[in-house]
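Read through the structure below, which is laid out as C-alpha cells, and then see the notes.
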Amino acid sequence: MLDRTTAPQFKNIEDINFIQASKHQLANEIPVFIINAGEQELVRIEFIFKNVNWDIQKPLLSLAANTMLNDGTSNLSGAEIANKIDYYGAFFQTEFGLDRSAVVLYSLNKHLSNTLPIIKEVLTDSVYPEKEVNTFINNQKQKLKVSLEKNDFLARRQFSKAIFGDTIYGFSSNLEDYDALNQADLRVHFEQIYHPANCTILVSGKVNDDILTLLDSLFGDWKSEITFKPNTVEFKAADEKYHYIEKAQALQSAIRIGIPSINRKHKDFPALQVLNTVLGGYFGSRLMANIREDKGYTYGIGSANVSLEQAGYFFIASEVGTDVCADTLVQIEKEINILKTELIGEEELALVKNYLLGSLLGSLENAFSHADKFKNIYFFNQDYTYYTNYINTIKTINASQLLELANKYWDFDQFYKVIVGKV
C-alpha cells in the first residue's frame with residue numbers, strides 16, 4: 001500500500017529530448033518544417049507570415065488584416081467558412097503577434113483534402129466585407145473603452161510606450177485608430193503580408209507523404225509579385241523613468257517596472273532566465289514570498305524576461321492596495337539589491353534549477369509543443385544547440401555567476417517605473 005506520509009523520492013532530471021524539425025520545400029520554394037510525432041491521425045498546419053510595412057499613421061492594419069481573415073472571400077461568407085470547417089470537425093484560427101501573424105488549422109488527416117482548400121481560399125482571396133469591417137471596428141472600440149478603465153491595462157500601455165516609443169513594440173491603440181481602418185487599405189495590406197515569399201509553413205502531428213503532396217498541389221503554384229518591407233524596430237527609451245497616472249478613486253494601484261534588456265539571441269539569456277526565476281518567475285519566488293506571503297500586499301506578483309525578435313525587456317508587475325503601493329516598490333528594490341549583494345543559497349538554487357528543468361520537460365508533451373519550441377529558435381536564427389546550452393546553463397550555473405549577472409543587468413535606479421492608481 002502507498003505510504004502517503006512519506007514524500008516520493010526526489011530525482012534529478014537528466015535528459016530532455018527534442019523532436020527536431022525536418023525541412024521540406026514546396027515547388028515555389030515555400031519552406032515547410034515538419035514535426036512528425038504522435039499516434040492520432042491529427043495535424044496542425046501553421047502558415048506563418050512576418051508582419052510588414054508597419055506605419056504609425058495606420059497602425060492597426062496588420063492586426064485587423066489577420067483578425068478578419070476568416071470573415072469572407074469572394075465565394076464564401078464568414079459563416080460559410082466556419083460551417084465548412086466545423087462540418088469536418090476541424091478548427092481554424094488566426095494569431096497575431098508583434099513580429100508575426102499566422103493562420104492555423106487543426107484537422108484530422110482524412111479530412112485535409114476538404115479543409116485545406118478552404119485555408120488556401122482564405123489566404124489568397126480574403127475580401128474584408130465592408131459590413132464585417134464596420135462590425136470589427138465597433139466591437140474593438142467597445143473592448144478598448146472597457147480596457148481603458150483597468151489600471152493594469154493602462155500600466156502595460158504606458159510601460160511599453162516608455163521603453164519602445166512610437167514603434168510597433170511601443171504603440172498602444174486609441175479609439176481614433178480604429179476609425180482610420182477601411183476596406184480598401186485592408187485589401188492592400190492583405191496582399192503585402194499573405195503571399196508565398198513571406199510564408200513559412202510548420203506541420204506537426206501525424207505527418208505523412210500524402211499531406212506534403214497535398215500541400216504542394218494546393219500551395220506549390222502560389223505566386224505573387226508583391227514587394228514588401230519587413231518591419232524594423234529602432235527605438236530610444238524615454239528619458240523620464242517615472243510615470244504616474246493618478247486614479248483618485250482607485251482602491252488598488254497597478255505597478256509595472258522594468259528595463260529594456262536582451263532577447264533569446266544573446267548568450268546571457270538562459271542565465272538571466274535562472275536569475276529571473278529566483279526573483280519572480282515562479283510561485284516560490286522571492287517577490288511572492290515577500291510581498292504576497294509575508295506582507296500580504298497582493299494576490300500575485302511576478303517578473304519575466306520577454307524576448308521579441310528585435311528587442312527584449314525585463315519587467316515586474318503586480319496590483320496592490322493603494323496604501324501599500326509605496327512600500328511595495330521599496331520591497332521590490334530590496335529584493336533586487338539582495339540578489340546583487342548576497343549569494344543565493346544552495347538549497348534555493350537547486351529548487352529553482354529543478355523547477356526550470358521540470359517546466360521545460362513538462363512543456364514537451366506532444367508534437368504541437370515541440371513545434372512551438374522549434375518556432376522559438378527558428379525565428380531567432382538559432383538552432384537546437386540553443387536548448388543544449390539552455391539546459392547546460394541551468395545545470396551548471398552557480399550563485400557567484402548569478403550575483404555577477406544581477407549587477408550587470410539590474411540597476412533599480414535605471415528601471416522604468418509605471419504606477420496607475422494612487423501612491
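The values are calculated or read from the model by the stated rules, or taken from the named source; none is laboratory data. Everything numeric in this text was worked out from a predicted model, so none of it was measured. Please note: Cβ atoms are built from the backbone with ideal geometry, for glycine as well, and neighbour counts cover all protein chains shown. Each accessible area value is taken on the protein alone, full model and side chains, heavy atoms only, with ligands, DNA and RNA left out. Shrake-Rupley method; radii C 1.70, N 1.55, O 1.52, S 1.80 Å.
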Which of the residues that make up the range 387-398 are open to solvent by less than 20 Å² (accessible area, probe 1.4 Å) and of a type outside the set (Val, Ile, Thr)?
-> Tyr387
Does Ala254 fit the bill of being farther than 20 Å from Ser307 by Cα, open to solvent by 30 Å² or more (accessible area, probe 1.4 Å), aliphatic (A, V, I, L, M) and not assigned by TED's automatic domain parsing to the domain that holds Ala162?
-> no
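Okay, residues lined up against (1) part of a loop (DSSP other than H, G, I, E, B); (2) open to solvent by 30 Å² or more (accessible area, probe 1.4 Å); (3) in contact with a Leu (Cβ under 8 Å, 6 or more places away or on another chain):
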site	(1), (2), (3)
Asn263	yes, no, yes
Ala271	no, no, yes
Leu279	no, no, yes
Leu287	no, no, yes
Ile291	no, no, no
Gly296	yes, yes, no
Using the structure shown, decide if Glu121 is open to solvent by 50 Å² or more (accessible area, probe 1.4 Å), of a type in the set (D, E, K, R) and over 23 Å from Asn366 (Cα atoms).
-> no
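Residue-by-condition table, conditions (1) assigned by TED's automatic domain parsing to the domain that holds Phe314; (2) touching a residue at least 60 places away in the same chain (Cβ under 8 Å); (3) farther than 24 Å from Val306 by Cβ; (4) among the β-branched types (Val, Ile, Thr):
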position	(1), (2), (3), (4)
Val146	no, no, yes, yes
Ser160	no, no, no, no
Ile163	no, yes, no, yes
Glu176	no, no, yes, no
Leu181	no, yes, yes, no
Arg187	no, yes, yes, no
Asn208	no, yes, yes, no
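Could you check the range 142-152 and list, in sequence order, the residues that are open to solvent by 40 Å² or more (accessible area, probe 1.4 Å), assigned to a helix (DSSP H, G or I) and over 18 Å from Asn66 (Cβ atoms)?
If the condition is that a residue be open to solvent by 40 Å² or more (accessible area, probe 1.4 Å), assigned to a helix (DSSP H, G or I) and over 18 Å from Asn66 (Cβ atoms), then Gln142, Lys145, Val146, Asp152 are the ones that fit.
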Any residue in the range 329-337 that is assigned to a strand (DSSP E or B), open to solvent by less than 60 Å² (accessible area, probe 1.4 Å) and under 30 Å from Ala155 (Cβ atoms)?
-> no
Of all the residues that make up the range 100-117, how many are of a type in the set (S, T, N, Q) and open to solvent by 10 Å² or more (accessible area, probe 1.4 Å)?
-> 3
Could you give me the residue pairs with C-beta distances under 7 Å whose first residue belongs to the range 394-423 and is on the phi > 0 side of the Ramachandran plot, whose second residue is in a loop (DSSP other than H, G, I, E, B) wherever it lies, and which are 6+ apart or on separate chains?
-> Gly421/Lys247; Gly421/Ala250
Hey, can you tell me all the residues within the range 182-221 that are over 21 Å from Asn109 (Cβ atoms), open to solvent by less than 20 Å² (accessible area, probe 1.4 Å) and in a loop (DSSP other than H, G, I, E, B)?
-> Tyr194, His195
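Is there a residue in the range 48-68 that is open to solvent by 30 Å² or more (accessible area, probe 1.4 Å), in contact with a Pro (Cβ under 6 Å, 6 or more places away or on another chain) and farther than 30 Å from Asp179 by Cα? Even if it seems obvious, please write down each step before you answer.
First, the residues of the range 48-68 that are open to solvent by 30 Å² or more (accessible area, probe 1.4 Å): 50, 53-58, 63, 67.
Among the residues that remain, those that are also in contact with a Pro (Cβ under 6 Å, 6 or more places away or on another chain) are: 50.
Remaining after also requiring farther than 30 Å from Asp179 by Cα: none.
No; the residues of the range 48-68 include none that is open to solvent by 30 Å² or more (accessible area, probe 1.4 Å), in contact with a Pro (Cβ under 6 Å, 6 or more places away or on another chain) and farther than 30 Å from Asp179 by Cα.
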Some residue of the range 309-316 being open to solvent by 20 Å² or more (accessible area, probe 1.4 Å) and small (Gly, Ala, Ser) | no
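Output the residues belonging to the range 227-251 that are aliphatic (A, V, I, L, M) and crowded, with 16+ Cβ neighbours inside 10 Å.
Hits for the range 227-251 are Val233, Ala237, Ile245, Ala250.
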Among the residues of the range 18-35, the number that are open to solvent by 30 Å² or more (accessible area, probe 1.4 Å) and touching a Lys or Arg at 6+ places or on another chain (Cβ under 7 Å) is 2
Taking Gly38 as meeting all but one of (1) of a type outside the set (Phe, Trp, Tyr); (2) modelled with pLDDT of 95 or more; (3) buried (at least 17 other Cβ atoms within 10 Å of the Cβ), write down the number of the exception.
-> (2)
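Let's see how each residue does on (1) within 26 Å of Ile35 (Cα to Cα); (2) among the aromatic types (Phe, Trp, Tyr):
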| residue | (1), (2) |
| --- | --- |
| Tyr297 | no, yes |
| Gly302 | no, no |
| Val306 | yes, no |
| Gln331 | no, no |
| Glu335 | no, no |
| Leu349 | no, no |
| Leu356 | yes, no |
| Asn389 | yes, no |
Look through the range 124-134, keep the residues that are in contact with a strand residue (DSSP E or B) (Cβ under 7 Å, 6 or more places away or on another chain) and surrounded by fewer than 21 Cβ atoms within 10 Å (Cβ to Cβ), and return whichever of them is nearest to Leu218 (Cα to Cα).
-> Asp125
Got a sec? Which strands (runs of 3 or more DSSP E) wholly within the range 12-120 have at least 2 residues that are closer than 17 Å to Leu202 by Cα and out of contact with any His (no Cβ under 9 Å at 6 or more places or on another chain)?
-> 22-25, 42-50, 91-96, 100-108
Could you tell me which residue of the range 351-371 is modelled with the lowest pLDDT, considering only residues that are open to solvent by 60 Å² or more (accessible area, probe 1.4 Å) and not aromatic (Phe, Trp, Tyr)?
-> Glu365
